[in-house]
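Participant: Supplied in structure tokens, the structure appears directly below.
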Amino acid sequence: MKKFGLSTLCALLLAGAVQAAPVRSNLVATDNVETFITLETQGVAPGQTVWAALTQNIRPHWHTYWINPGDSGIPTEIKWTLPEGWKADVITWPAPQRFPIGPLVNFGYADQVHLLVPLTVPSNATPGQAVQLDAKVDWLVCEDICIPESADLSIAVPVVAGTAAVEPEAATLFTKARASLPVPSPYTATLSPGDKAHRLILAAPGLDKGKISEVFFFPHDYKVASANAAQELRLGADGLTLSLVPGGALPAGPVTGVLSFTEELDGQSVRHAFAVEAAMGAAAQASTGGDGQTSWATALLLALLGGAVLNLMPCVFPVLSMKALALLQHGPGHARRHGLAYTAGVLACFAVVAGALIALRAGGAAIGWGFQLQDPLVVAILAYVMLLLGLSLSGVFTLGGSVMGVGQGLAGRDGLAGSFFTGVLATVVATPCTAPFMGTALGFAITQPWPVALSVFLALGLGMALPFLALSFSPALLRRLPRPGLWMERVKQALAFPLYASAAWLVWVLSIQAGPAALATVLAGMVAIAFAAWVYGQTRLSGGAGRAFGSLLAVLALGGAVAGASTARTVPAPEQVAGAKPASSDYQPWTAEKQAELTGQGKPVFVNFTAAWCVTCLVNERTSLSTDAVKAAMKAKGVAYLKGDWTNRDATIARVLENHGRSGVPLYLVYLPGKAEPVILPQILTEGIVLDALSGLPNA
């Protein structure tokens with residue numbers, strides 16, 4: 001009897017211990033982070049919403065990331081696999097910390113973090129059953145290096161009748177978790193946008209200037225404020241004002257984030273974190289340009305000048321030949337209409353490119369000028385177009401019976417459609433280039449509301465069309481053009497070769513983006529394109545059946561070429577895969593961590609953000625960065641040369657470009673020892689400009 005009583009007592013004690021234990025998942029321990037999920041209650045009831053906490057114990061001196069990771073990093077992500085009817089809401093994020101790494105600043109968590117997620121139970125859940133919830137957790141953990149890690153977690157949740165009670169041990173964890181959350185701000189917030197700085201105003205007149213310190217605003221959207229820029233504080237009668245350096249175009253609607261600061265209370269430092277929702281206020285004074293910053297009018301003027309200079313860039317040379325032939329074809333009486341048609345084509349294409357860029361950036365895409373050339377399919381099709389244009393000028397086939405050929409099959413009266421589509425093509429091939437004045441104008445545009453941004457892009461297009469438009473409206477210049485003759489056919493054929501060269505260059509770009517398999521596919525497609533052009537040209541004068549058969553073969557060949565190109569996918573460059581310095585090169589691949597390491601050691605650093613499809617970048621590298629004098633100067637002064645490759649889309653590089661007021665490459669930065677902010681070099685380099693930038697450094 002005593003034995004039975006003792007056994008019963010042990011069983012009851014064990015049952016009580018089991019019931020008292022929190023509902024928790026398996027624990028996954030990587031080299032750097034321990035991860036598990038805890039349910040706040042002892043179970044769940046049908047129709048109830050309960051809280052789960054993802055806990056991560058992080059290795060000392062390492063950190064994970066907030067929803068806005070700052071200058072680099074990836075936020076922690078939970079992918080739930082739930083039974084039918086169950087729902088998991090988004091993560092409720094604790095207030096983050098700042099982690100400076102050289103010139104960069106990241107936002108995230110160290111030591112321990114609890115990420116809270118509300119779970120909703122369906123009303124038809126059956127009490128008495130245990131339901132399994134699965135979660136795939138992915139995160140990036142960093143110190144001097146960054147390591148992506150993951151965990152597969154499962155938690156068995158008992159379904160109970162009535163409201164499930166809070167589990168005592170779990171209550172302690174959740175109390176700590178909720179204490180780390182930002183509280184709703186007791187003060188009204190307003191954001192006044194500006195070109196170079198936004199002003200976040202907190203209507204808190206009672207704050208004591210002597211007791212407030214370490215004020216920082218963490219925006220949920222990185223475009224609101226650059227992570228590594230100082231936030232100038234002003235405390236006055238109207239409250240607290242922070243100056244925020246923009247990180248990109250402001251999102252639509254109110255600006256949200258966490259305002260963190262330290263307050264001295266009764267001899268103790270108390271850290272506050274307010275959840276802020278700032279309504280848009282009047283534009284900050286910086287937008288007027290009165291403080292020397294870029295104004296709307298200045299940006300329009302710079303865009304107009306940059307567009308005009310764009311005609312001199314190497315990437316536009318193939319189309320310059322087509323523009324010249326267009327003028328030779330038409331007499332003075334028709335020149336004005338063709339000039340206007342060409343201008344309309346340029347503006348229409350700039351509007352489409354700008355609209356796509358603005359819409360994609362509003363959706364969170366980290367892209368910039370020339371973004372379409374980061375897609376291998378677009379590069380392949382553009383190579384096909386260049387090849388077709390070259391074949392047309394070489395006389396392999398003719399569209400519409402005109403010397404221009406391109407677009408003339410669509411032409412209406414007097415072939416104006418040909419001039420329109422020449423303008424479209426000129427814009428498409430100009431996108432890999434960046435001219436002087438463009439960087440400042442486009443850097444301004446991407447931080448503005450869409451009507452202002454679109455106006456800057458259209459000013460850029462007008463500047464590009466302006467020389468041709470002015471020529472078409474000048475009878476004196478038109479009279480100086482030579483008379484048409486047989487020589488035009490020879491010039492036309494000679495001018496096909498720049499187009500062939502452009503096609504070859506684009507194929508080289510594709511080989512870097514998508515690898516040798518895609519290169520072989522597109523080269524085969526170019527053979528099919530050439531065959532299609534030859535068949536089309538040979539059957540134009542045939543009878544009805546022969547002509548139809550030739551057109552069918554041409555269409556099939558073109559379709560096969562495009563279908564093959566559509567299989568191309570971006571792949572990492574070999575040096576990015578290896579993560580090492582390429583053999584026999586004078587540079588190292590750029591990463592934020594490598595830059596931070598070098599600047600932290602007090603070394604001078606030259607950073608070149610480039611892309612294979614950027615002709616301006618390639619010209620600068622050949623004429624200004626690869627000369628013996630520049631190489632010798634870098635070696636003598638111990639300059640570390642880093643190259644950031646934006647050939648394929650890279651959100652980290654896009655963010656760095658935005659932080660320095662640029663929407664695309666090239667971008668050249670010189671980090672000098674002891675200075676946090678780099679020297680920004682012009683987009684068009686000379687050997688002298690580079691040597692001057694390095695001249696102030698002592699010899700190594």
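Each reported figure results from applying straightforward, stated rules to the coordinates on display, with no laboratory input. Quick caveat: nothing in here was measured; it's all calculated off a predicted structure. Counting neighbours? That spans all protein chains shown, and the Cβs are built from the backbone with ideal geometry, glycine included.
Participant: Taking amide H atoms as placed 1.01 Å from N in the peptide plane, list the residues 5 or more away in sequence, or in a different chain, whose amide H sits under 5 Å from that of ALA197.
Facilitator: none
Participant: Rank the residues LYS675, LYS492 as a footprinting-exposure proxy: fewest other Cβ atoms within 10 Å of their Cβ go first.
Facilitator: LYS675, LYS492
Participant: Counting only DSSP beta bridges with both residues in the stretch 576-695, what percent are antiparallel, rounded to the nearest 5?
Facilitator: Antiparallel bridges make up about 45 percent of those DSSP assigns within the stretch 576-695.
Participant: Taking a 20 Å limit on the Cα-Cα distance, which of the listed pairs LYS176/LYS211; LYS223/LYS594; LYS176/LYS223; LYS196/LYS603; LYS603/LYS635; LYS87/LYS136 fall beyond it?
Facilitator: From the list (LYS176/LYS211; LYS223/LYS594; LYS176/LYS223; LYS196/LYS603; LYS603/LYS635; LYS87/LYS136), the Cα-Cα distance tops 20 Å for LYS176/LYS211; LYS223/LYS594; LYS176/LYS223; LYS196/LYS603.
Participant: Just to check I understand the Karplus step: with θ = phi - 60° and J = 6.51 cos²θ - 1.76 cosθ + 1.60, what whole-Hz values come out for the stretch 45-53, glycine and proline as x?
Facilitator: Each residue's phi maps through the Karplus curve to give 10, x, x, 8, 9, 10, 10, 10, 10 Hz.
Participant: Starting from one equal scatterer on each C-alpha and no solvent at all, send me the Debye-based log10 I(q)/I(0) for the stretch 184-288 at q = 0.14 Å⁻¹, two decimals.
Facilitator: Normalising to I(0) and taking log10 leaves -0.50.
Participant: Set Lys and Arg Cβ to +1 and Asp and Glu Cβ to -1, take the dipole of the stretch 229-284 about its Cα centre, and tell me which of GLY267, LEU235, ALA279 lies farthest positive.
Facilitator: Highest projection toward the positive end goes to ALA279.
Participant: By count of other Cβ within 10 Å, fewest leading, how are VAL379, VAL452, VAL507 ordered?
Facilitator: The order, fewest Cβ neighbours first, is VAL452, VAL507, VAL379.
Participant: With a Förster radius of 45 Å, plug the Cβ-Cβ distance of ASN699 and ARG98 into 1/(1 + (r/R0)^6) and report the FRET value to the nearest 0.05.
Facilitator: Step by step, r from the Cβ atoms, then E = 0.80.
Participant: Quick check: net charge around ASP31, other residues with Cβ under 15 Å of its Cβ, Lys/Arg +1 and Asp/Glu -1?
Facilitator: Once all neighbours under 15 Å are counted, the net charge is -3.
Participant: I would also like to ask the following. Take each of the peptides 632-643, 461-472, average the number of other beta-carbon atoms within 10 Å over its residues, and list them starting from the highest.
Facilitator: 461-472, 632-643
Participant: Pull up all non-local amide H partners of VAL23: gap of 5 or more, or a different chain, and H-to-H distance under 5 Å with H placed in the peptide plane.
Facilitator: Here LEU39 satisfy the definition.
Participant: Just the Kirkwood number for the stretch 576-695, please: inverse of mean 1/r across all distinct Cα pairs, in Å, one decimal.
Facilitator: After inverting the pairwise mean of 1/r, the radius is 14.5 Å.
Participant: Per residue of the stretch 28-36, in order, report the coupling 6.51 cos²θ - 1.76 cosθ + 1.60 (Karplus, θ = phi - 60°) as ³J(HN,Hα) in whole Hz, putting x for Gly and Pro.
Facilitator: 10, 10, 8, 5, 10, 9, 9, 9, 7
Participant: Can you say what percent of the DSSP beta bridges in the stretch 184-288, counting only those with both residues inside, are antiparallel? Round to 5.
Facilitator: Of those bridges, close to 90 percent are antiparallel.
Participant: What number comes out for the charge environment of THR627, summing +1 per Lys or Arg and -1 per Asp or Glu over other residues with Cβ under 15 Å away?
Facilitator: For residues surrounding THR627, the net value is -2.
Participant: Provide the per-residue ³J(HN,Hα) series for the stretch 516-526, in order, calculated from phi with Karplus coefficients 6.51, -1.76, 1.60 and θ = phi - 60°, each as a whole number of Hz, with x at glycine and proline positions.
Facilitator: Coupling constants for the stretch 516-526: x, 5, 5, 4, 4, 5, 6, 4, 5, x, 5 Hz.
Participant: If amide hydrogens are placed 1.01 Å from N in the peptide plane, which non-local residues have theirs closer than 5 Å to the one on ALA45?
Facilitator: VAL160, ALA164
Participant: Sort SER123, SER455, SER502 so that the residue with the fewest other Cβ atoms within 10 Å of its own Cβ comes first and the one with the most comes last.
Facilitator: Ranking SER123, SER455, SER502 by Cβ neighbours within 10 Å, fewest first, gives SER123, SER455, SER502.
Participant: Moving on to the next point. So if we plug the beta-carbon distance of ASP628 and PHE549 into 1/(1 + (r/R0)^6) with R0 = 51 Å, what FRET efficiency do we get, rounded to 0.05?
Facilitator: E between ASP628 and PHE549, to the nearest 0.05, is 0.30.
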